[in-house]
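The values are calculated or read from the model by the stated rules, or taken from the named source; none is laboratory data. It should be emphasised that the depicted structure is a prediction, and the values quoted were computed from it without experimental measurement. Cβ atoms come from the backbone with ideal geometry, glycine included; neighbour counts cover every protein chain shown.
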């Protein structure tokens, strides 16, 4: 009887198996490379759309909902930091609140200065077209420059109220009642005596505003004729200062303490009180938010 030895096939040969595995791995590498190139091309096609959408959102948000303003002077220290010619706080201003209610005592507001007002700082104008363009882009994404047309002050009295200064304790009073102005700031080495003024009844539709840094602020006491000419029309109000968004070390809300001690706040509508402050930051910087997403997506695609 003759023993029959079966012949060895490819399945029993290590060289055959190694060759098959190398071919499969090479095919996979080619597939990954092709897919990676496709993803890169898709990202760069989508990037201009993301940029246009981001800038469009920024424009709409800052036009209708909220806008960031720079504090250019020291008149609101220490509630808001600022100085002439340096980097002041950037403040998110809510432009919706006063569509539903009027400014109330204690509100910190941004407003367009009446014709009789002159600002207490000098804005640095761009020296060329390129700088002006950069300034415009910065303003759009929440990095504005100072404007001589806009002011930030605190509402002390509203239409129908009578304001005067000062009582025997150096306090401003409204309708004969002394104000609780816990936000006042007195610069070291300067007088802590407020400038006095006679009784002034505020007409309906106007506001009497003062700076928190009381003796370093030109406000309703000294603007215009120091009387009716220093009042601010409600129609000139841009919005209510809600949140300091820059620099990061200063992230905090802006106090709207009512100096008249009203039991019920008459500022923002109730639905806005429930909105977290972080929503305002996202509204101020949609470009930054989308930019981070785009960069993260780019890293994922380039890393496979």
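Some points to look at:
- Tabulated pairs, region 246-259, first part of a helix (DSSP H, G or I), second modelled with pLDDT of 90 or more and surrounded by 14 or more Cβ atoms within 10 Å (Cβ to Cβ), C-beta under 6 angstrom, 6+ apart or interchain: 250/244
- Between 253, 211, the distinction of being surrounded by 13 or more Cβ atoms within 10 Å (Cβ to Cβ) and closer than 23 Å to residue 94 by Cα belongs to 211 only.
- Verdict on residue 68 being in a strand (DSSP E or B) and modelled with pLDDT of 90 or more: no
- Test: residue 185 is closer than 16 Å to residue 116 by Cα and either at pLDDT 90 or above or in a strand (DSSP E or B) (or both): no
- Yes/no for residue 207 being touching a strand residue (DSSP E or B) at 6+ places or on another chain (Cβ under 6 Å), more than 29 Å from residue 247 (Cβ to Cβ) and either part of a strand (DSSP E or B) or at pLDDT below 95 (or both): yes
- Restricting region 224-245 to residues that are assigned to a loop (DSSP other than H, G, I, E, B) and modelled with pLDDT under 90, the residue that is surrounded by the most Cβ atoms within 10 Å (Cβ to Cβ) is 224.
- Taking residues in region 178-191 that are over 15 Å from residue 210 (Cβ atoms), and partners anywhere that are surrounded by 17 or more Cβ atoms within 10 Å (Cβ to Cβ), the pairs with Cβ atoms closer than 7 Å and at least 6 places apart or on different chains are 187/213; 187/216.
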